[in-house]
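Input: a single structure, listed below in C-alpha cells.
The values are calculated or read from the model by the stated rules, or taken from the named source; none is laboratory data. From a predicted model like this one, the values you see are computed outputs, not experimental measurements. Note that we place each Cβ from the backbone using ideal geometry, even for glycine, and neighbour counts take in every protein chain shown.
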Amino acid sequence: MVLSFTATATTSGDSVSLLVAESGHERQADVRRLAARVDGLAFMGRSAVSDAQVQALAADHPVVTVARHPVPGADAFLTENEQTAAELTQHLLDHGRQRLIYVGDPGPSSDVRGRYQGFVDALRRSDYPVPTPARVTPTERAGRAFADAIVPKLAEIDGFVCVNDEVALAMLRWWAGTT
C-alpha cells in the first residue's frame with residue numbers, strides 16, 4: 001500500500017512521509033507534528049490513532065482512511081470485503097469443501113469483520129454450520145504458528161478462508177511442507 005502511495009505521489013511530483021506509530025508511543029503528538037508539515041494524511045487499517053483524532057485532523061487537513069471504517073469528516077477508501085469473502089467461500093463450497101474455518105480475528109477491524117461476515121453469509125446460504133473463527137493475528141508469523149500448532153490436529157477441516165494474504169501465504173507454505 002505504501003509503495004502505491006509513493007508511486008502515485010511521484011508521478012505528480014509529490015512525496016510521501018511515513019509515520020509508524022506504535023502503542024504506548026507519543027503518537028498523538030507525533031501525528032500533530034507530521035500534520036503541520038504535510039498537505040494531507042492517510043490512516044491505514046488498525047491505526048494507532050483514534051477516530052476522534054482522525055476527525056479533528058480532518059477539520060483542518062485532507063484526510064483519508066484506508067482499510068478502516070469511515071470516520072466523519074474524512075474520506076474513506078473501502079473494499080468489497082463481504083462480497084469477495086462470500087464469493088471465495090462459495091467457490092470452496094462449490095468445489096466440494098464442506099468443513100471450512102475462518103482463520104483470523106473478526107473483532108478489531110471493519111475490513112476483517114466484513115470478510116468474516118461474507119464467510120458467514122455464504123455458509124448460511126448453503127445451510128452449512130458456521131464454526132467459531134480461529135482468532136489469529138493477521139501476520140504471516142501468526143498464521144504459521146497457527147498452522148504448526150493447531151491445523152495438524154483438525155483433521156475435520158477441509159478448507160480455510162484467511163483474514164489476509166499474509167495468513168493465507170503462511171497456510172499455503174504449511175500445506176506445501178506437509179504434502
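Tabulated results
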| quantity | calculated |
| --- | --- |
| Selection status of residue 85, assigned by TED's automatic domain parsing to the domain that holds residue 163 and either within 21 Å of residue 143 (Cβ to Cβ) or in contact with a Phe, Trp or Tyr (Cβ under 8 Å, 6 or more places away or on another chain) (or both) | yes |
| Check on residue 141, of a type in the set (Lys, Arg), in a helix (DSSP H, G or I) and within 26 Å of residue 175 (Cβ to Cβ) | yes |
| Qualifying residue in region 19-32 (condition: assigned by TED's automatic domain parsing to the domain that holds residue 148, free of Cβ contacts under 8 Å to residues at least 24 places away in the same chain and closer than 30 Å to residue 134 by Cα) | no |
| Matching helices (runs of 4 or more DSSP H) fully within region 24-132 where at least 3 residues are modelled with pLDDT of 95 or more and under 19 Å from the mean Cα position of the chain (by Cα) | 81-94, 110-125 |
| Evaluation of residue 111 against (1) among the charged types (D, E, K, R); (2) crowded, with 18+ Cβ neighbours inside 10 Å; (3) on the phi > 0 side of the Ramachandran plot (one fails), failing number | (3) |
| Residue check, residue 73 in contact with a helix residue (DSSP H, G or I) (Cβ under 8 Å, 6 or more places away or on another chain), within 22 Å of residue 136 (Cα to Cα) and not aliphatic (A, V, I, L, M) | no |
| Residues (buried (at least 16 other Cβ atoms within 10 Å of the Cβ) and not hydrophobic (A, V, I, L, M, F, W, C)) located in region 138-149 | 138, 140, 143, 144 |
| Residue match in region 163-172 (condition: touching a Lys or Arg at 6+ places or on another chain (Cβ under 8 Å), surrounded by fewer than 14 Cβ atoms within 10 Å (Cβ to Cβ), assigned to a loop (DSSP other than H, G, I, E, B) and assigned by TED's automatic domain parsing to the domain that holds residue 93) | no |
